[in-house]
Each structure stands twice: as structure tokens, then as C-alpha cells.
């Protein structure tokens with residue numbers, strides 16, 4: 001995985017499994033939650049797996065109560081597009097190239113490395129969507145780096161000529177790195193992972209999914225563990 005790829009948690013509901021338990025309990029209890037003693041985070045997780053998730057019961061609505069927000073850093077534009085396509089219940093605030101492009105100019109001026117700004121896949125063997133195998137060679141990757149450098153210089157020249165960033169960006173290579181904020185609840189997070197962690201998903205989407213899973217496991221350990229064992233990479237779309 002590219003060492004420039006990062007996922008940081010910006011904000012997360014504390015004790016999320018207790019909140020889900022409370023939401024589920026309110027569905028079936030006669031009174032309000034006022035005065036109800038909530039279980040521990042661990043006990044709540046055990047309850048949720050047993051009563052909401054195990055056996056494909058599909059009672060997912062209480063999982064929408066807590067929320068987590070990620071800062072996703074350094075992934076290529078194509079990865080953002082693939083994730084944002086299936087945004088049911090997921091919030092995205094994506095870095096725009098309409099207002100800023102200094103880092104592209106920095107590439108042109110030798111202040112930044114090409115790969116600090118543009119993503120290129122590692123040299124190696126790949127398979128296309130029809131199953132055809134091919135190899136991405138070192139010579140081809142070197143050519144691609146030079147192309148990104150040339151495009152950066154053209155971009156810098158357009159800016160010097162007075163072009164706006166939103167006009168000059170049209171010549172930027174497709175997989176410029178892009179940062180975004182993504183917020184989800186456990187239900188919507190599992191839904192997007194169902195789509196993007198599967199084995200035929202875009203490679204970089206699979207890598208992003210693995211980083212999201214790490215944070216998911218730290219945040220909602222019982223639910224994430226159940227998901228890892230029962231749904232991860234199996235393309236079973238969550239309701």
C-alpha cells in the first residue's frame with residue numbers, strides 16, 4: 001500500500017455500542033430511557049451481535065445512532081469517485097481543485113516530488129475487468145511520472161497566464177491525490193464496505209477499506225468483529 005495513504009479519525013461518538021443498545025432498547029421498552037441503566041460498552045456489544053446481527057436478523061436501524069468522521073488523505077481521485085458513488089447515509093466533503101493548485105505548481109518548480117501530488121500504481125502484474133493479465137513495467141511508470149511533471153508545468157504556465165484554477169485544472173492527470181472528510185454511521189459504513197472491500201473492487205478502494213476497518217474495529221469492536229467474520233469481502237449488501 002502507498003505510504004502516503006492515511007485515514008485519521010476527526011470525531012466519533014463515544015461509547016457507540018451503548019448508544020446503539022439504548023436505541024434498540026427504546027424500540028421495545030414500554031417507557032422512556034430515563035432512569036434505565038445502560039450496560040457496559042462490552043456487554044452492549046455482546047447484546048447487539050446476539051439480538052440485532054446474528055442469524056441475519058437484519059435489524060439495522062439502531063446502528064444509525066452513532067457517527068464517525070474520517071479525514072481521508074492522499075488517495076487518488078478515482079478512489080474518491082468510487083466511494084462517493086454509493087453514498088447512502090454517508091457524508092462527503094471533498095477537496096476541490098477550483099480554488100487551489102499550489103501543490104501542482106510546486107511539482108513544476110521542483111519543490112515537491114511528482115508522487116507527493118499524483119498517484120501511480122506500483123510496478124507489477126495486474127488483471128483487467130475481463131480477466132486479461134498484463135504487467136505495469138518500470139519504463140512505463142517512468143514515462144507516466146514524466147507525463148505528470150509535464151502536465152504540472154503546463155498547469156503552472158496557465159496560472160501564470162492568468163487562468164483560474166478551475167480552468168487550468170482540466171489538464172491535470174486524472175489520479176491527482178485528493179483529501180476528503182467522510183462521515184458515516186455503523187450501518188452506512190458497513191454498506192460502503194460491502195461494496196468497496198470486495199475482491200473485485202478497485203485496488204485502491206480495497207486498501208482504503210482496510211484502513212477504515214481498522215478504525216471501525218477500534219470504535220465498535222463487537223460489531224466490527226461480527227462484520228469481519230460474516231460480511232467483509234463477501235459483497236453482501238447491508239440493508
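Suppose we keep only residues that are without any contact (Cβ under 8 Å) to a residue 40 or more places away in the chain and crowded, with 16+ Cβ neighbours inside 10 Å within region 22-38. Which one would you say is nearest to residue 93 (Cα to Cα)? Here the residue is 24. List every residue pair whose Cβ atoms sit under 7 Å apart, with the two residues 6 or more apart in sequence or on different chains, where the first one lies in region 139-158 and is over 14 Å from residue 104 (Cα atoms) and the second, anywhere, is outside any helix (DSSP H, G or I). Cβ pairs passing all conditions: 141/120; 141/123; 144/120. Taken over region 158-167, the criterion of being over 27 Å from the mean Cα position of the chain (by Cα), surrounded by 14 or more Cβ atoms within 10 Å (Cβ to Cβ) and assigned to a helix (DSSP H, G or I) is satisfied by 158, 159.
Taking region 40-51, which residues are touching a residue at least 12 places away in the same chain (Cβ under 8 Å), more than 25 Å from the chain's Cα centre (by Cα) and surrounded by fewer than 20 Cβ atoms within 10 Å (Cβ to Cβ)? Those that are touching a residue at least 12 places away in the same chain (Cβ under 8 Å), more than 25 Å from the chain's Cα centre (by Cα) and surrounded by fewer than 20 Cβ atoms within 10 Å (Cβ to Cβ): 40, 41, 42, 46, 47, 51. For region 14-35, indicate whether the set of residues that are modelled with pLDDT of 95 or more and either part of a loop (DSSP other than H, G, I, E, B) or more than 31 Å from the chain's Cα centre (by Cα) (or both) is non-empty. The answer is yes; a qualifying residue exists.
Among the residues that make up region 180-190, is at least one of them under 14 Å from residue 98 (Cβ atoms) and out of contact with any strand residue (DSSP E or B) (no Cβ under 6 Å at 6 or more places or on another chain)?
Taking region 180-190 as the starting set, the residues that turn out to be under 14 Å from residue 98 (Cβ atoms) are none.
No - not one qualifying residue is present in region 180-190.
Anything in region 8-39 that is touching a helix residue (DSSP H, G or I) at 6+ places or on another chain (Cβ under 9 Å) and more than 17 Å from residue 224 (Cα to Cα)? List them, or say none. Answer for region 8-39, where residues must be touching a helix residue (DSSP H, G or I) at 6+ places or on another chain (Cβ under 9 Å) and more than 17 Å from residue 224 (Cα to Cα): 8, 22, 23, 24, 25, 26, 27, 32, 33, 36, 38, 39.
The values are calculated or read from the model by the stated rules, or taken from the named source; none is laboratory data. Here the structure is a predicted model, which means the values were calculated and not measured. FYI the Cβ positions are ideal-geometry reconstructions off the backbone, even for glycines, and counts take in every protein chain you see.
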